[in-house]
Amino acid sequence: MENKWLRQLAVFVVYGTLYTLFRRNYGIWHILSGLRLSCLLLLPYRYWPTLALAELGPGIYYASPAEAPFGPIWWIGNSIPSVLYAMPIVAWCKRSLGLFPSRHLIRAKALFICVALSTTVWTTVTALLLLAVTQPPGTQNPYHFQSIDAVQLFLGHYAGILTVLPIALALKLQRPQTWRDRFVNWISNPLLQESCVLLLPSMAILYWLNLHAPENIRPVIRMTMLLPAAWLTMKHGWRAASVGTTAAIICMFLSTEPLLGDVDVIGAQAFITFSVTCLLALGVRVSMQNAVEEQERIDAKAAIKLAQQGLYLCELRMRQASQTLEQVAGGLQLTQTRLLNRFKHMIPPMEGQSYYKQMAATQNQVYQLVESMHPTAWRERGLPAALRETIGRALDEANVAYRFALTGRGLSQLSPSVHAAIYRLACEAVVYVFAQHAWSTINFSLRGGLTHGQRWVVLRVEGQIDHIEPPLPLQKKQESQHLAAKLGANSLNAIAMRDYARLYNGELHTSAEPNAFRMTVLLHDAGYRMQERGTATPASLPELYIR
């Protein structure tokens, strides 16, 4: 209970102080309108009565006959807190228009409607009070309200809202973090860095030029103040627009003479408000497009991750099937041996030898199938043993010398899915290189490393020839198919292998020389990459949202 009252007191003191400081401001720039609307949008309903009470005291004082002798209607009307007029509008926009669909999401259309209605209501109330002004007798140059003054009041309220509200929304939509993390994110934020390097110096230079330039060039300089904000908006979205336009509005109004009823001043107000509104709308659209692109990138990464998991699950099934088949083959061999030993006295010796040979051939075929599905060396001694022994044995049977080299570091720290991808790509690359020519030697090198916190591996397969006469195409095709069957490869082409490598954020390159052919594959381990936080808006949303 004490904390609730302390929060109410803090809101009362802070808002009352800001209200008193900005109470006397330019007639063409009503910053209080932005302060009121920002507080109504950001603070819960329970603090709204506190806002009205904070305005009540200063309002009565500044509207008293001693400060503003303009009649009882002026005194009574200005004594009513202006924040009360916007409360029904903000409440209606929150409840009926869905202004805040979630805690960190704002519907842009509903926000612009809320701003326009609040500006209209405050302009109407101020215009009615100015019409009811009773000036003291003998006043020199008495004031007479005109329709053009209503336009200027509307633009002044609207400009004040555009000055404060975007910054307030940018602070509200920040993710909950500790102060230390928030400070680190602010320092490392590209928007803050570019604002300090580009926006603030350019605004200072343009403001100085506007003060010392001839009268006919000042409007052009004021227009130029929006160019840095536009550039930041196109790059960073609506948050950049809120920072850039706020700085531009402050510089423009500080360099503009506050003359009520002046057509040139009204033109400057109209240009500022229209340009800032367009920049904010453009910023929302840019942020939406960036969010959609970010979501598509996250979805693509999720799809790649799902494909990697699917490939690894297939590898696990093949390993399980290989182990099961190996156990079944062992049991079958034992059963066949017992049967042949039991009935060896009942069959002729030559027929018994034939049965033994058939049994051995069947066992050999089964074990070759087991090795092609998932090598025993891989299960027992790891991936390097499979690359050295299994591939080397298959190439040795094809009368091709094989050399294996392992360099670098961190190969054992790669994820199991990357190990499976390395072996399958190695088999496919060896078969592809073998099919290119009658090589005398095939060199295979595997290198691992760590760069910027991400592990990678490079495998290279190179075929070399020593002036051996190439075999016939049909014979070479049969040998390639036989090698692919031994290694469990699918005889993929270079395009298919490149797509396979890209599943692991890798790439594939081939190079041919007169006596050699080389294929190089790069793979990255996505498990060691820094996870990027998704802050994207779903692409299916039918409206613009500020996030």
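In region 200-245, what residues are closer than 18 Å to ASP264 by Cα and β-branched (Val, Ile, Thr)?
Within region 200-245, ILE217, VAL220, ILE221, THR224 meet the criteria.
What tally of residues in region 104-126 results from selecting those that are within 15 Å of MET87 (Cα to Cα) and of a type in the set (Phe, Trp, Tyr)?
Final tally of qualifying residues: 1.
Have a look at ILE250, ILE266 and point out the one that is of a type in the set (A, V, I, L, M), over 30 Å from ALA377 (Cα atoms) and either touching a Pro at 6+ places or on another chain (Cβ under 6 Å) or open to solvent by 40 Å² or more (accessible area, probe 1.4 Å) (or both).
Within the list ILE250, ILE266, the selection yields ILE250.
Only one residue in LEU206, LEU232, LEU199 is of a type in the set (A, V, I, L, M), modelled with pLDDT of 80 or more, open to solvent by 20 Å² or more (accessible area, probe 1.4 Å) and not in a loop (DSSP other than H, G, I, E, B), so which one is that?
The unique qualifying residue is LEU206.
Do we have any residue at all in region 406-416 that's modelled with pLDDT of 85 or more, aliphatic (A, V, I, L, M), out of contact with any Cys (no Cβ under 8 Å at 6 or more places or on another chain) and open to solvent by 40 Å² or more (accessible area, probe 1.4 Å)?
Scanning region 406-416, I find at least one residue that is modelled with pLDDT of 85 or more, aliphatic (A, V, I, L, M), out of contact with any Cys (no Cβ under 8 Å at 6 or more places or on another chain) and open to solvent by 40 Å² or more (accessible area, probe 1.4 Å), so the answer is yes.
Would you pick out the residues in region 449-463 that are in a strand (DSSP E or B) and open to solvent by 10 Å² or more (accessible area, probe 1.4 Å)?
Those that are in a strand (DSSP E or B) and open to solvent by 10 Å² or more (accessible area, probe 1.4 Å): LEU450, THR451, GLN454, ARG455, TRP456, VAL458, ARG460, GLU462.
Could you list, in sequence order, the residues of region 295-342 that are open to solvent by 90 Å² or more (accessible area, probe 1.4 Å), farther than 30 Å from GLU371 by Cβ and without any contact (Cβ under 8 Å) to a residue 60 or more places away in the chain?
Of everything in region 295-342, just one residue is open to solvent by 90 Å² or more (accessible area, probe 1.4 Å), farther than 30 Å from GLU371 by Cβ and without any contact (Cβ under 8 Å) to a residue 60 or more places away in the chain, namely ARG342.
Which pairs turn up if I take residues in region 188-208 that are more than 21 Å from PHE253 (Cα to Cα) and look for partners that are assigned to a helix (DSSP H, G or I) and open to solvent by 70 Å² or more (accessible area, probe 1.4 Å) with beta carbon separation below 9 Å, at least 6 apart in sequence or on another chain?
Pairs that qualify, where the first residue is more than 21 Å from PHE253 (Cα to Cα) and the partner is assigned to a helix (DSSP H, G or I) and open to solvent by 70 Å² or more (accessible area, probe 1.4 Å), are PRO190/LYS235; LEU191/LYS235; LEU191/ARG239; LEU192/TRP186; GLN193/ILE187; GLU194/TRP231; GLU194/LYS235.
Report, by residue number, each residue of region 343-391 that is in contact with a Leu (Cβ under 8 Å, 6 or more places away or on another chain), open to solvent by 50 Å² or more (accessible area, probe 1.4 Å) and closer than 17 Å to GLU315 by Cβ.
LEU369, the sole residue that qualifies.
For region 483-540, which positions are among the hydroxyl-bearing types (Ser, Thr, Tyr) and at pLDDT 85 or above?
Within region 483-540, SER491, TYR500, TYR504, THR510, SER511, THR520 meet the criteria.
Do we find a residue being of a type in the set (Val, Ile, Thr) and touching a residue at least 24 places away in the same chain (Cβ under 8 Å) anywhere in region 343-356?
Scanning region 343-356, I find no residue that is of a type in the set (Val, Ile, Thr) and touching a residue at least 24 places away in the same chain (Cβ under 8 Å), so the answer is no.
One line per residue, one yes/no per condition, for (1) of a type in the set (Gly, Ala, Ser); (2) assigned to a strand (DSSP E or B); (3) open to solvent by 80 Å² or more (accessible area, probe 1.4 Å):
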| position | (1), (2), (3) |
| --- | --- |
| SER480 | yes, no, no |
| ALA484 | yes, no, no |
| ASN490 | no, no, yes |
| TYR500 | no, no, no |
| TYR504 | no, no, no |
| LEU508 | no, yes, no |
| SER511 | yes, yes, no |
| ARG518 | no, yes, no |
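From ALA321, ALA329, ALA361, which residue is within 51 Å of the chain's Cα centre (by Cα) and in a helix (DSSP H, G or I)?
The match here is ALA321.
For region 26-135, please list each of the helices (runs of 4 or more DSSP H) lying entirely inside it that holds at least 2 residues being within 29 Å of SER255 (Cα to Cα) and open to solvent by 40 Å² or more (accessible area, probe 1.4 Å).
108-131
The values are calculated or read from the model by the stated rules, or taken from the named source; none is laboratory data. What you see is a predicted model; the values in this text were computed from it and never measured. Here Cβ is always computed from backbone atoms with ideal geometry, including for glycine, and neighbour counts include all displayed protein chains. Please note that ligands, DNA and RNA were not included when accessible areas were found on the heavy atoms of the full protein model with its side chains. Shrake-Rupley method; radii C 1.70, N 1.55, O 1.52, S 1.80 Å.
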